[in-house]
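I have placed the structure first, in the form of structure tokens, so that the comments after it can refer back to it.
The values are calculated or read from the model by the stated rules, or taken from the named source; none is laboratory data. As the structure is a computational prediction, the values presented were derived from the model and not from experiment. Using ideal geometry, Cβ is built from the backbone for each residue, glycine included, and neighbour counts are taken over all protein chains shown. The protein model used for the area step is the full one, side chains on, heavy atoms only, and it has no ligands, DNA or RNA in it. Shrake-Rupley method; radii C 1.70, N 1.55, O 1.52, S 1.80 Å.
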Amino acid sequence: MRTRLVVLALLVAAAPAHAQMPVVAADRVQIGDVVLPGYPPPRRDGSVGTGARHRPARLTHAVIDPSGTLVATAGACFGTSGVTVPVTPSCAPEFVRVHRVADGSLVRALAIPWPVIADETSVLAMSFDADARRVAVLTRVRWSDCSALGAELHLAVLRIDDGALLEARTLSRHGAGGAHSITLRGDEVAITTRWGARSRARTISLRAR
């Protein structure tokens, strides 16, 4: 038994970095010895005379591409609606960041659309396509406008090479409960939502570009 444990320990130690699971904390993601940074600090929210700042963003998700070469990180980004001059939070222009797994170098920071009335955008699921040229991002957007409150389910597809936003769509205006998973294949995104033992699958056809 001891011999088997020693062999297993040696195999784990010898495994390449891409075989290790990302460990996600609010301010960093770690894959083996590689540490990826969290979001930039928040900027002032634009309120005249208050000097208030947005809430600090936090990382919640990390997904490795099929080849084990790239990792995409994202999380929860907070804005402030209802102020005199709403300011886009510092996390929005780099909501998804793509790094190389081997050394943690940044490949591309990817922006998402930020509604001026959004109070929070949180990632629910992410997926690379097969050749790691695009990444699909499913988010929940919570918003407020005067006395109105709401939550929407948004889908974005971004090209990694140049950061282009290839698709931006509101999928639901009735919140986004449950646990979500997505798969990006060709011109389709498959989305599965689970509520306990129940699940729902749907396929979104992407617009031609």
Looking at region 100-109, is at least one residue buried (at least 19 other Cβ atoms within 10 Å of the Cβ), on the phi < 0 side of the Ramachandran plot and modelled with pLDDT of 95 or more?
-> yes
Are there any pairs, at least 6 apart or on different chains, whose C-beta atoms fall under 6 Å, with the first in region 114-140 and touching a residue at least 60 places away in the same chain (Cβ under 8 Å) and the second among the basic types (Lys, Arg) and surrounded by 22 or more Cβ atoms within 10 Å (Cβ to Cβ), and if so, which?
-> none
Can you name the residue in region 80-99 that is open to solvent by less than 10 Å² (accessible area, probe 1.4 Å) and farther than 19 Å from Asp162 by Cβ and, of all such residues, is modelled with the highest pLDDT?
-> Cys91
Taking into account only those residues within region 114-136 that are open to solvent by less than 40 Å² (accessible area, probe 1.4 Å) and among the acidic types (Asp, Glu), which is farthest from Leu149 (Cα to Cα)?
-> Asp129
Would you please name the residue that is nearest to Thr121 (Cα to Cα), looking only at residues in region 175-200 that are out of contact with any strand residue (DSSP E or B) (no Cβ under 8 Å at 6 or more places or on another chain) and either open to solvent by less than 50 Å² (accessible area, probe 1.4 Å) or not in a strand (DSSP E or B) (or both)?
-> Gly196
His154 being without any contact (Cβ under 8 Å) to a residue 60 or more places away in the chain and either in contact with a strand residue (DSSP E or B) (Cβ under 7 Å, 6 or more places away or on another chain) or part of a strand (DSSP E or B) (or both) | yes
